[in-house]
Amino acid sequence: MRFSTIAVHVGQRPDPQTGAVCVPVTLTSTFAMEGIGQLRGGYEYARSDNPSRHALEVSIAALEGAKYALAFASGQAASTAVLDLLQPNDEIVATPNVYGGTYRLFHNIYNKYNIKINVARDTTAEAINESLTQKTVLVWGESPSNPLLQLFDIAETAERIGTFRNQYGTKPLLVIDNTFPSPAFQNPLSLGADIVTHSCTKYIGGHSDVIAGAVAVNDDAVYEKMKFYQNAAGAVLAPFSCFLLQRGIRTLPLRMKKHEENAYKISEFLRGNAAVEEVFFPGFADFPRHELVAKQMNGLPGMVSFKIHGGIDNVKKFFANLNLIILAESLGGPESLVCHPATMTHAALPENERNKIGITDNLVRISLGIEDHEDLIDDLRNALKTITK
Ligand SMILES: *Cc1c(COP(=O)(O)O)cnc(C)c1O
């Protein structure tokens, strides 16, 4: 099956008992047993597993071309399942620009287990490879990254770190947060990554109405550890949220095409606007490592970042004069959203860290929805006019 067919059918076949075309939302906390150790329908207690979550996990695994997927109550909960693979004193190598919440998880939660983060000097496979130490167990990356959309070569990185052996005699596991491209536009496992994480809150859900996360993996032993963690720690996704994600998944390929189209149109517009200092969009032929878009992706998500001339006051003026586009955190929904990474998504980073990686006070991130691009351009032009005057 091809991707759009998978999105509609895998994990979402008619219910064998009733013929219901949509997967029923199974609202029960527990399941009746036949006798001691004898389950009736394969389920025992809904935290451990339940039909709604099982169906969703089958869907997500298929979208990522993975053997297994696990669903969690948020993208952050999915990340903790991966980080639980670490022992105290282990180390993570991270690409320079990761989601602010991931940074916070590393620095404010896992630091108490003395887990150290080595941030690579840039996103090249050499730089990532040079950051490895005997203690490195995970290499964590985003491509395109949040919010600067930096790209790194997943296949080359997987190959380079694949020959390295740490103190346990194992190779570091390559973890890709695939939230931005979504499975429609990038499948890291097929490029040699070991673990994929998602904030399903974004494109997979796609309707700005649910908080959810997932991991996808091929290795049996890694899966068993994270499956154990999912049940033992308990940050599981509720059945109704599973239903919402499966509903979103059916239109994922269609939605991504429109998000992409809008990103190309709006990035071009922004580049030609006098109030805009710089535009970050991997679709530009002169964007750093632009060739990776064709090499490892099937398309680009609706994400564009840009710097406004002047400082924070001009950014405030710009936000205040938008009529259609909404100022809000998050991304990947049908409605276009703008955010200010320095004070919103990346507020967890100290100011000098932020400036060092380019998340300056005049940086704006926009998540293009699926509206008509002409209306988005009218709104942006109107709000930017207040700055140029
Ligand atoms: C939103 C986001 C997360 C966190 O996901 P939640 O569902 O909000 O917990 C992780 N990574 C990226 C890239 C994100 O955009």
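Given (1) closer than 23 Å to Ser52 by Cβ; (2) away from the ligand (no atom under 14 Å from the Cβ); (3) among the charged types (D, E, K, R), where does Lys202 come up short, assuming only one miss?
Only one criterion in (1) closer than 23 Å to Ser52 by Cβ; (2) away from the ligand (no atom under 14 Å from the Cβ); (3) among the charged types (D, E, K, R) is unmet by Lys202, namely (2).
Find the residue count for the range 265-292, including only residues that are in contact with a His (Cβ under 9 Å, 6 or more places away or on another chain) and of a type in the set (Phe, Trp, Tyr). So that I can check it myself, show each step before the final result.
Filtering the range 265-292 down to residues in contact with a His (Cβ under 9 Å, 6 or more places away or on another chain) leaves 265-266, 269, 274-277, 282-284.
Now narrow it down to the ones that are of a type in the set (Phe, Trp, Tyr): 269, 284.
Going through the range 265-292 one residue at a time, the tally reaches 2.
Yes/no matrix, rows are residues, columns are (1) within 15 Å of the ligand (Cβ to nearest atom); (2) touching a helix residue (DSSP H, G or I) at 6+ places or on another chain (Cβ under 7 Å); (3) in contact (Cβ under 8 Å) with a residue 40 or more places away in the chain; (4) not assigned by TED's automatic domain parsing to the domain that holds Met344:
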position	(1), (2), (3), (4)
Val139	no, yes, yes, yes
Ser145	yes, no, yes, yes
Glu156	no, yes, no, yes
Thr163	no, no, no, yes
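Which of the residues belonging to the range 172-201 are among the charged types (D, E, K, R) and buried (at least 24 other Cβ atoms within 10 Å of the Cβ)?
If the condition is that a residue be among the charged types (D, E, K, R) and buried (at least 24 other Cβ atoms within 10 Å of the Cβ), then Asp177 is the only one that fits.
Based on this model, can you work out whether Ala216 counts as crowded, with 22+ Cβ neighbours inside 10 Å and assigned to a strand (DSSP E or B)?
yes
Restricting to the range 302-360, name every residue that is closer than 15 Å to Ile266 by Cβ and touching a helix residue (DSSP H, G or I) at 6+ places or on another chain (Cβ under 7 Å).
Within the range 302-360, Gly302, Met303, Val304, Phe306, Ile308, Phe318, Leu322, Leu324, Ile325, Ser336, Val338 meet the criteria.
Within the range 15-29, restricting attention to residues that are surrounded by 12 or more Cβ atoms within 10 Å (Cβ to Cβ) and over 29 Å from the mean Cα position of the chain (by Cα), which residue is modelled with the lowest pLDDT?
Initial filter on the range 15-29 (surrounded by 12 or more Cβ atoms within 10 Å (Cβ to Cβ)): 15, 22-26, 28.
Then drop every residue that is not over 29 Å from the mean Cα position of the chain (by Cα), which leaves 15, 28.
On the way: Asp15: 94, Thr28: 98.
Only one residue fits best here, namely Asp15.
Taking the range 87-112 only, how many residues are crowded, with 17+ Cβ neighbours inside 10 Å and part of a loop (DSSP other than H, G, I, E, B)?
6
Can you give me the number of residues within the range 355-386 that are modelled with pLDDT under 95 and buried (at least 21 other Cβ atoms within 10 Å of the Cβ)?
Going through the range 355-386 one residue at a time, the tally reaches 1.
Name the residue that is farthest from Leu252 (Cα to Cα), counting only residues in the range 30-59 that are β-branched (Val, Ile, Thr) and surrounded by 10 or more Cβ atoms within 10 Å (Cβ to Cβ). If you could, list the steps in order and put the result at the bottom.
Taking the range 30-59 first, the residues β-branched (Val, Ile, Thr) are 30, 36, 58.
With surrounded by 10 or more Cβ atoms within 10 Å (Cβ to Cβ) added as a condition, the list becomes 30, 58.
Details: Thr30: 32, Val58: 16 Å.
Among those residues, the one meeting the criterion is Thr30.
So which helices (runs of 4 or more DSSP H) stay within the range 227-327 end to end and still have 3 or more residues that are buried (at least 19 other Cβ atoms within 10 Å of the Cβ) and in contact with a Ser or Thr (Cβ under 8 Å, 6 or more places away or on another chain)?
On the way: elements: 239-250, 252-271, 291-296, 312-320.
Counting at least 3 such residues, we get 239-250, 252-271.
Kindly indicate which of Ser208, Ser190 is assigned to a loop (DSSP other than H, G, I, E, B) and polar (S, T, N, Q).
From the options Ser208, Ser190, the qualifying one is Ser208.
Quick check on Glu335: is it assigned to a loop (DSSP other than H, G, I, E, B), closer than 22 Å to Gly283 by Cα, at pLDDT 90 or above and not small (Gly, Ala, Ser)?
Details: assigned to a loop (DSSP other than H, G, I, E, B): yes; closer than 22 Å to Gly283 by Cα: yes; at pLDDT 90 or above: yes; not small (Gly, Ala, Ser): yes.
Judged against the criteria, Glu335 is a match.
With respect to Val82, determine if the residue is more than 18 Å from Ser182 (Cα to Cα), under 17 Å from the mean Cα position of the chain (by Cα) and at pLDDT 95 or above.
Here the answer is yes, as Val82 does meet what is asked.
Which of the residues belonging to the range 80-108 are more than 22 Å from Ile357 (Cα to Cα) and within 15 Å of the ligand (Cβ to nearest atom)?
If the condition is that a residue be more than 22 Å from Ile357 (Cα to Cα) and within 15 Å of the ligand (Cβ to nearest atom), then Thr80, Ala81, Val82, Leu83 are the ones that fit.
Taking Asn178 and the conditions (1) away from the ligand (no atom under 16 Å from the Cβ); (2) in contact with a strand residue (DSSP E or B) (Cβ under 8 Å, 6 or more places away or on another chain), which numbered condition does it fall short on, given that it satisfies the others?
Failed condition: (1).
Residue-by-condition table, conditions (1) within 16 Å of the ligand (Cβ to nearest atom); (2) under 26 Å from Cys200 (Cα atoms); (3) not hydrophobic (A, V, I, L, M, F, W, C):
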{"site": "Asp313", "(1), (2), (3)": "no, no, yes"}
{"site": "Lys316", "(1), (2), (3)": "no, no, yes"}
{"site": "Asn321", "(1), (2), (3)": "no, no, yes"}
{"site": "Ala328", "(1), (2), (3)": "yes, yes, no"}
{"site": "Gly333", "(1), (2), (3)": "yes, yes, yes"}
{"site": "Cys339", "(1), (2), (3)": "yes, yes, no"}
{"site": "His346", "(1), (2), (3)": "yes, yes, yes"}
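Here are some conditions: (1) assigned by TED's automatic domain parsing to the domain that holds Glu57; (2) charged (D, E, K, R); (3) over 18 Å from the mean Cα position of the chain (by Cα). Arg271 meets all but one. Which one does it not meet?
(1)
The values are calculated or read from the model by the stated rules, or taken from the named source; none is laboratory data. In this text, all values refer to a predicted model and were calculated from it rather than measured experimentally. Neighbour counts are summed over all protein chains in view; Cβ atoms, including those assigned to glycine, are modelled from backbone coordinates with ideal geometry.
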